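Worksheet: one structure, shown below.
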Amino acid sequence: MSNPIPYGRQNITEEDIQVVIETLKSDYLTQGPKIVEFEKAFASYVGSEYAVAVSNGTAALHLCAMALNVQEGDKVITTPITFAASANCVRYCGGELVFADIDPETYLLDINKVRKLLEASPKETYKGIIPVDFAGRAVDLEAFRDLAVEHGLWMIEDSCHAPGGYFKDSKEQKQLCGNGNFADLAIFSFHPVKHIASGEGGMITTNDMALYDKLLMLRTHGITKNVEMFKNSIEFAVGTSSQLTEVDIMSRGDETYPAWYMEMQELGYNYRLTDFQAALGTSQLKRADKGLVKRKKIAETYFQAFLNKDFVKGQSGVVEGHAYHLYVLEVKNRLELYNYLRENNIYAQIHYIPCHLMPYYRQFGWIEGDMPNAEKYYQNCISLPMYPTLTTEEQHFVINTIINFYKYNEGNY
Ligand SMILES: *Cc1c(COP(=O)(O)O)cnc(C)c1O
């Protein structure tokens, strides 16, 4: 029996281990220099102005929804084919999810369905859109941005599957996922199955300075140490036991407020990443492009192997700019194939059970038939092993096992 082959896994090198050890021996386990280092490197990688490191991708989504001021009853549009967190962040703030169906070719949120929704309701019915770069395929955010602007909506790009992915805009320019040119905010996850692993971890990218400042504050309890933002008086901050000079009272320069002083101005959270996680993230980021090349090669091999096979109803194929977090096939006899692969130590996965039909979301009235493309996709989809350390032999074993399954079961489907 071969070693278990998962659908995705991390790749930790000796160098990764060394940087974590060094950070553990340093003065800062958290709130130290490794955070800013990681943020700068990540912003530069995706081409955004700012980046905010957080404890995980879900926390990133929550802070985005807060920074965009999602309120009780606000309607936000997203895709049903995503991890539940893409939708849940709206619920954390009391907002309401409106799912729109996927395009059956790309598996991404169908812009035409979104446009239909928007045009069927009075202006200001909806507040925002959360497109997801599902499987690593970049959403055409230029088209979505135009629609969002027309209807006065904000956009959060859930780019957990697509660091390094891109789409080509109307001028044939590459637009990297999370570069901040179209969406207000973008988020990433550093869970071990994602491209860059830090154990748990997440990142928010943006080109909007006001949102950036707000995110920094919300990440740390809603506390600010920025003297320009203080609301309480200097007299209060200094205390009555000290003498204030005329100059102190007038000034709001950084010398006047005592060094200990800070203000909690909003109800934030502790969503910080630790320094040793950030160090690991920075080290992993250095190999991100190498990983992308390998993922693309694996995708090409799968594509050729399953081209024109009658048991395949569809495959994600080889697409420029696709970051290949997942390689998805739509197949006949999916359950039997899935079980057969497991018997052979191959742990394929299903991405995703449509979010609108999760028991939690059914309580809001979503039922079977609401999202026909997503529901049909779910009947047949399977994600094959896809990660940079998957060996050629392992991939051939996966391919041969699938082909053999259908050969032996000929006539049964
Ligand atoms: C992984 C993932 C998340 C959540 O990230 P965590 O770091 O696990 O909290 C959100 N959206 C998508 C599409 C994801 O794949």
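Laboratory data are not the source of any read-out in this text; all were calculated from the coordinates shown. This one's a predicted model, so the numbers in the text were calculated from it and none came from an experiment. Don't worry about glycine lacking a Cβ; one is built from the backbone with ideal geometry, like all the others, and counts go over all protein chains shown.
What is the sum of charges, Lys and Arg at +1 and Asp and Glu at -1, for the other residues whose Cβ falls under 15 Å from the Cβ of residue 87?
Working: positive: 75, 91, 127, 362; negative: 74, 96, 101, 157, 158, 370.
Taking every Cβ under 15 Å from that of residue 87, the sum is -2.
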TODO: Return the loop-located GluC sites (Glu not before Pro) in the stretch 312-413 (DSSP other than H, G, I, E, B) with at most 15 other Cβ atoms within 10 Å of their own Cβ; answer none if there are none.
DONE: 320, 368, 410
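Averaging over every viewing direction, what projected area does the convex hull of the Cα atoms of the chain cover, in nm²? Each step should come with its number before you reach the end.
Numbers: hull surface 97.7 nm².
Result: a mean projected hull area of 24.4 nm².
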TODO: Using Cα pairs closer than 8 Å and at least 6 residues apart in sequence, work out the relative contact order for the stretch 82-143, in percent.
DONE: 29
Open item on the list: Just to confirm the number: angle between the C-alpha axis of helix 209-219 and the first principal axis of the chain, 0 to 90 degrees, nearest 10?
Closed with: 90
- [ ] Could you let me know the centre-to-centre spacing of the stretch 105-167 and the stretch 251-321, using Cα atoms, in angstrom?
- [x] 19
Task: Computed [θ] at 222 nm, deg cm²/dmol, the chain (DSSP H ≥ 4; -39,500 (n - 2.57); rounded to nearest 500) - done: -11000 deg cm²/dmol
Task: Between 0 and 90°, nearest 10: helix 275-285 axis offset from the chain longest Cα axis - done: 50
Open item on the list: If you build the convex hull over the alpha carbons only and average its shadow over all orientations, what do you get for the stretch 72-120? Give it in nm² to one decimal.
Closed with: 3.4
Open item on the list: Only sites in a loop by DSSP and with at most 11 other Cβ atoms within 10 Å count here; which GluC sites (Glu not before Pro) in the stretch 39-130 make the cut?
Closed with: 72, 105, 124
- [ ] Distance from a point 7 Å along Cα→Cβ of residue 269 to each backbone N in the stretch 101-142: keep the residues under 13 Å and list them by number.
- [x] none
- [ ] Normalising by the residue count of the stretch 140-186, find the relative contact order in percent from Cα pairs under 8 Å and 6+ residues apart.
- [x] 41
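What do you get when you divide the Cα radius of gyration of the stretch 134-215 by 2.2 N^0.38 Å, with N the number of residues? Working shown, then result.
Numbers: Rg = 13.1 Å, N = 82, 2.2 N^0.38 = 11.7 Å.
The stretch 134-215 yields a ratio of 1.11.
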Open item on the list: Mean-square fluctuation check for the chain, GNM, Cα pairs under 10 Å: which of 154, 366, 260 is largest?
Closed with: 260
Task: With Cα atoms, 0 to 90° folded angle of helix 57-67 axis to the chain main axis - done: 50
Open item on the list: Sequence gap at least 6, Cα distance under 8 Å: using those rules, report the relative contact order of the chain to the nearest whole percent.
Closed with: 23
TODO: Give the calculated FRET efficiency between residue 309 and residue 213 to the nearest 0.05, with a Förster radius of 56 Å applied to their Cβ-Cβ distance.
DONE: 0.60
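How would the stretch 1-110 be classified by its alpha-carbon gyration tensor: rounded, prolate or oblate, with rounded meaning a/c under 1.5 and the a/b versus b/c comparison settling the rest? Mind dumping the intermediate values first?
On the way: a/c = 2.40, a/b = 1.41, b/c = 1.71.
In terms of gyration-tensor shape, oblate.
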TODO: Kindly write out, for the stretch 112-123 in residue order, the coupling ³J(HN,Hα) from the Karplus curve 6.51 cos²θ - 1.76 cosθ + 1.60 (θ = phi - 60°), rounded to whole Hz, with x marking Gly and Pro.
DONE: 5, 5, 5, 4, 4, 4, 5, 6, 7, 10, x, 4
- [ ] Just flag the chymotrypsin sites (Phe, Trp or Tyr not before Pro) in the stretch 10-76 sitting in loop per DSSP whose Cβ has no more than 16 other Cβ atoms within 10 Å.
- [x] 28
